[in-house]
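These notes are about the structure you will find just below.
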Amino acid sequence: MAKQFSLPLSEKVARKNTTQRALDITLLFLLLSLLLYRLLSVSNHGFVWLLAFLCESYFTFNWFLIVNCKWNPVDFITYPQNLEKRFPELPPVDMFVTTADPVLEPPLITINTVLSLLAVDYPSEKLACYLSDDGCSPLTFYSLVEASKFAKLWVPFCNKYNVQVRAPFRYFLDDPVSSNLAGANSEFKQEWKKMKAEYEELCLKIEAASRKSVPCDLTGEFAVFSNVGRSNHPTIIKIVGESKQSFPDDVPRLVYISREKRPKHPHHFKAGAMNVLSRVSGLMTNAPYMLNVDCDMFANNPQVVRQAMCQLLDSKSEREIGFVQFPQSFYDGPKDDPYGNQLVVLYEYMGRGIAGLQGISYSGTGCFHRRKVIYGQWPEDVENQARNHTSINGKLVDNEVLIKVFGKSKRFSESAAYALNGKKGFSSKLPDSLDEAFHVASCDYEFGTSWGTKIGWIYGSMTEDVMTGLMIHKKGWKSTLPMPKPKGFLGCAPSGGPAAMTQQKRWATGLFEILVSRNSPIFAFLCGKLQFRMLLFYLWFLSWGLFSIPELCYAALPAYCIIANSQFLPKVQDPAILIPVAIFVIYNLLTIREYLKAGMSIRAWWNFMKMGRITRTSAYLLASLTVVLKLLGLSETVFEVTQKDQSNSDGDIETNKDAIKFTFDESPLFVPGTTLLLVQLTALLSFSVGLRPLAHDVGHGLGLGEVFCSLWLVLCYLPFLKGLFRSGKYGIPKSTIFKSTSLALVFVLLCIKLG
Ligand SMILES: O=c1ccn([C@@H]2O[C@H](COP(=O)(O)OP(=O)(O)O[C@H]3O[C@H](CO)[C@@H](O)[C@H](O)[C@H]3O)[C@@H](O)[C@H]2O)c(=O)[nH]1
Ligand SMILES: [Mn+2]
């Protein structure tokens with residue numbers, strides 16, 4: 001027994017990063033020297049110098065925050081082979097999938113995610129899968145019903161042949177029958193073919209249904225969908241599967257939920273959906289662990305649940321680890337990451353670094369939560385739990401309080417008490433709990449309760465995930481970031497200018513909303529248990545949107561200087577020029593090194609650099625404006641769902657090429673970038689026709705540095721430059737060009753007047 005007890009489940013190992021630290025610190029030192037130089041010479045220069053100083057102060061502070069995040073990277077090693085030796089009885093897990101729109105999120109993608117979850121390598125009677133459909137779409141429900149029939153074949157097939165990728169659309173991309181991958185014995189070959197045919201039939205059915213305006217007869221099971229509007233309908237909950245009494249042992253239980261929506265009731269987007277999922281599942285299965293994934297994030301590693309359990313189960317982590325977050329990774333990203341949004345390098349350095357502090361932030365998908373932590377438990381409450389008392393926020397609570405916190409359903413607060421006490425045995429046959437489930441999924445259930453403020457997914461930000469994670473860290477919980485091979489989950493990253501920018505805008509908006517809310521990390525540090533270095537991390541993360549302001553000012557400086565015959569950098573003849581030059585060189589070398597070490601190409605690095613510029617002056621700028629408007633009470637923020645592409649990744653060269661070309665639409669997102677580009681072009685033109693000669697002494701007048709910076713910016717905005725000359729979706733729309741030209745004209749006139 002003692003020996004078994006010592007078998008490790010997981011380990012956190014520090015990574016060596018001496019070179020990286022040296023480079024990071026050198027850069028910080030150089031940035032500080034630049035600031036010092038500016039301060040010492042500010043009296044000789046005017047407002048341009050001051051503006052440059054302010055921007056560079058921001059950049060320096062931001063770099064300091066980044067160095068803090070990257071300083072202590074870690075690796076998580078897990079030993080799933082020891083799991084059942086230590087815990088022969090594995091705990092139940094409820095798995096949540098959210099979808100919101102059958103057009104932007106094609107049901108075929110959603111059901112692949114569901115199928116990959118139903119088929120994970122974990123005792124199926126311990127699993128239950130809940131699909132939340134905010135689109136209230138009969139097509140989604142129809143697809144789920146069909147998928148559940150297919151699952152009865154698919155799950156045993158995966159188990160029998162130990163299939164590695166359990167989302168069928170990915171699995172059937174490879175053909176193990178013609179290649180001799182899986183020791184192709186003839187029985188396997190036959191079953192493989194049969195399975196493939198079954199899957200194709202499923203796809204055909206769903207495609208046919210999606211072409212019709214009504215996917216199927218709205219009778220029987222489907223009758224509830226007649227007369228529903230997406231934002232005006234009663235709750236629909238359906239236990240999917242043939243019989244209502246017992247479930248076949250080999251496929252986990254599957255439940256469809258479309259929560260009630262009424263026009264006047266705020267539904268809080270995904271956060272609202274997650275809270276309904278928590279409550280309905282609380283009544284039905286009440287598993288102590290919950291996994292949540294977006295509809296496009298399939299389980300890519302059949303061992304994911306076991307991997308997560310390695311980090312959650314032993315008694316030490318019971319008191320420490322609040323949640324286990326797998327990195328967000330993507331499949332089929334276009335080559336060299338043209339939109340800079342595949343997040344590989346971000347997780348590799350920032351992610352690992354933060355995981356070495358209190359833990360990675362929650363990123364909304366691929367995350368395992370403890371139900372009791374979502375219900376508001378602090379690490380200290382675990383001691384009370386051991387004494388069989390129910391407590392949240394460090395205080396014992398009785399039934400009356402439970403009802404106040406969790407809402408009027410007695411049955412639900414009873415289930416919550418079970419979850420908070422870590423007691424097993426709250427269960428009810430699924431169909432018996434249906435009535436109560438309708439009650440807790442209704443749109444006024446949360447009135448007067450703590451849902452969305454103190455417990456569950458927290459409301460008030462477009463990035464409800466980060467806010468919810470921050471509240472968990474505030475209580476002193478830690479989190480982990482396992483990176484198994486193969487990767488735990490894979491999803492779709494948006495491609496195309498408008499989709500990518502809209503997502504970035506939503507993120508930056510949501511993050512900034514948190515910074516200025518009462519759930520700000522500053523309070524979490526002062527009044528809660530958020531660690532100081534975690535505070536620094538959250539400050540960096542939540543201020544993405546703010547970065548747009550210094551970025552925009554700094555990008556305007558070179559053009560201004562050229563047109564106004566001024567300077568914001570030391571002259572080439574001045575030895576001080578070495579400081580900005582060294583900053584430029586070291587920063588680029590350091591980031592190139594990170595890219596290469598993470599197995600990415602130089603081209604991917606360049607795409608990231610250029611998309612960084614573009615995103616900050618477009619998406620982040622508009623995000624900041626949106627938040628200011630919200631603070632002034634002039635507008636509300638809205639969750640715009642990302643389009644998921646249903647690609648067939650047979651590497652069609654034409655579509656691949658197109659995926660790399662930047663696309664535009666009429667959105668105001670593209671106005672600032674286009675303006676900035678036009679301004680730089682005007683400046684460079686006036687320089688090259690000799691209107692603005694270089695000054696040849698160290699005194700005032702234009703220097704080479706400004707011209708170089710302006711050229712560099714034009715290079716970064718190359719997708720926009722091309723967009724000026726292209727047509728259709730690859731070209732910048734006329735109206736945008738018109739707006740930008742007007743703005744650029746105003747700027748140029750201003751420069752001439754001031755210069
Ligand atoms: O009203 C809504 C809006 C969205 N969703 C779901 O939320 C998920 C994420 O939406 P998506 O459009 O894919 O946004 P992304 O920007 O890709 O999502 C990332 O960023 C979000 C906000 O930070 C997180 O919630 C996500 O988990 C994270 O993957 C999807 O499953 C949607 O179906 C809902 O259920 N209800
Ligand atoms: Mn997504």
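Exactly one residue among T98, T78 is crowded, with 20+ Cβ neighbours inside 10 Å and either touching a Pro at 6+ places or on another chain (Cβ under 8 Å) or under 30 Å from S33 (Cβ atoms) (or both), and that residue is T78. Against the conditions (1) in contact (Cβ under 8 Å) with a residue 60 or more places away in the chain; (2) in a helix (DSSP H, G or I), L131 satisfies every one except (2). Residues in the range 499-522 include at least one that is among the hydrophobic types (A, V, I, L, M, F, W, C) and more than 22 Å from the chain's Cα centre (by Cα). When E146 is tested against (1) buried (at least 23 other Cβ atoms within 10 Å of the Cβ); (2) among the acidic types (D, E); (3) more than 21 Å from the chain's Cα centre (by Cα), exactly one condition is not met: (1).
Can A441 be described as assigned by TED's automatic domain parsing to the domain that holds V405, modelled with pLDDT of 95 or more, among the hydrophobic types (A, V, I, L, M, F, W, C) and over 17 Å from G364 (Cβ atoms)?
Yes, satisfied.
State yes or no: is S461 more than 30 Å from Q646 (Cα to Cα) and buried (at least 22 other Cβ atoms within 10 Å of the Cβ)? Criteria not met by S461. Selection of the range 473-508 for residues being within 10 Å of ligand 1 (Cβ to nearest atom) and among the β-branched types (V, I, T) yields only T502.
Yes/no per residue for (1) modelled with pLDDT of 90 or more; (2) out of contact with any Gly (no Cβ under 7 Å at 6 or more places or on another chain); (3) over 20 Å from V103 (Cα atoms):
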residue	(1), (2), (3)
F188	no, yes, yes
W192	yes, yes, yes
A197	yes, yes, yes
A208	yes, yes, no
F222	no, yes, no
S226	no, yes, no
P234	yes, yes, yes
K238	yes, yes, yes
Q245	no, yes, yes
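For the range 207-223, the criterion of being in a helix (DSSP H, G or I), among the polar types (S, T, N, Q), within 26 Å of V165 (Cβ to Cβ) and more than 16 Å from ligand 2 (Cβ to nearest atom) is satisfied by at least one residue.
Residue pairs whose Cβ atoms lie under 9 Å apart, separated by 6 or more positions or on different chains, with the first residue in the range 361-379 and in the same structural domain as Y418 (by TED's automatic domain parsing) and closer than 17 Å to A273 by Cα and the second within 16 Å of ligand 2 (Cβ to nearest atom) and small (G, A, S), are T365/G491; G366/A299; G366/S329; G366/G488; G366/G491. In the range 40-55, the residues that are assigned by TED's automatic domain parsing to the domain that holds P570 reach residues that are surrounded by 16 or more Cβ atoms within 10 Å (Cβ to Cβ) with C-beta atoms within less than 6 angstrom, at least six apart or across chains, in these pairs: V42/W49; V48/S566; V48/F568; A52/F568; F53/R38; C55/P550; C55/Y554. Residues that are within 16 Å of ligand 2 (Cβ to nearest atom) and small (G, A, S) were ranked within the range 489-525; the one that is surrounded by the most Cβ atoms within 10 Å (Cβ to Cβ) is A508.
Specify which of the listed residues (K454, K410) is within 26 Å of the chain's Cα centre (by Cα), basic (K, R) and surrounded by fewer than 20 Cβ atoms within 10 Å (Cβ to Cβ).
Just a single option satisfies the conditions, and that option is K454.
Determine whether the range 346-355 contains at least one residue that is within 16 Å of ligand 1 (Cβ to nearest atom) and within 12 Å of the chain's Cα centre (by Cα). Yes, there is a match, as at least one residue in the range 346-355 is within 16 Å of ligand 1 (Cβ to nearest atom) and within 12 Å of the chain's Cα centre (by Cα). Taking only the range 379-416 into account, find how many residues are outside any helix (DSSP H, G or I) and among the aromatic types (F, W, Y). Counting residues in the range 379-416 that are outside any helix (DSSP H, G or I) and among the aromatic types (F, W, Y) gives 0.
The values are calculated or read from the model by the stated rules, or taken from the named source; none is laboratory data. Model, not experiment: these values are computed from the prediction. Neighbour counts run over all protein chains shown; Cβ positions are idealised from the backbone, glycine included.
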